[in-house]
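The values are calculated or read from the model by the stated rules, or taken from the named source; none is laboratory data. This is a predicted model, so every value here is computed, not measured. Cβ coordinates were reconstructed from backbone atoms using ideal geometry, including for glycine residues, and neighbour counts include every protein chain displayed.
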Amino acid sequence: MSETGSVGEAAHNCGAGEGGGIAPGSAGWATLTLQPGRYELICNFPGHYAAGMRAELDVSQ
């Protein structure tokens, strides 16, 4: 999956820049300011996207 246009990555510390990922069995968060539209949340680990590890996010005003 191309990450062109990516608006952020998940991180265990919610810091700026590239995310370090979230360890299995734990939780994480990200705070984003998004324009209204449709976005896709994906996992970019090999095989995860193809296995269905993705979700749609609709942002409205």
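Residue pairs whose Cβ atoms lie under 7 Å apart, sitting 6 or more positions apart in sequence or on different chains, and linking a residue in the stretch 15-44 that is at pLDDT 75 or above and among the aliphatic types (A, V, I, L, M) to a partner that is surrounded by 10 or more Cβ atoms within 10 Å (Cβ to Cβ) and assigned to a loop (DSSP other than H, G, I, E, B), are Leu32/Val7; Leu32/Gly8; Leu34/Val7; Ile42/Met1; Ile42/Tyr49. For the stretch 33-61, the set of residues classified as in a loop (DSSP other than H, G, I, E, B) and either loosely packed, with under 10 Cβ neighbours inside 10 Å or of a type in the set (Gly, Ala, Ser) (or both) consists of Thr33, Gln35, Pro36, Pro46, Gly47, Ala50, Ala51, Gly52, Ser60, Gln61, listed by residue number.
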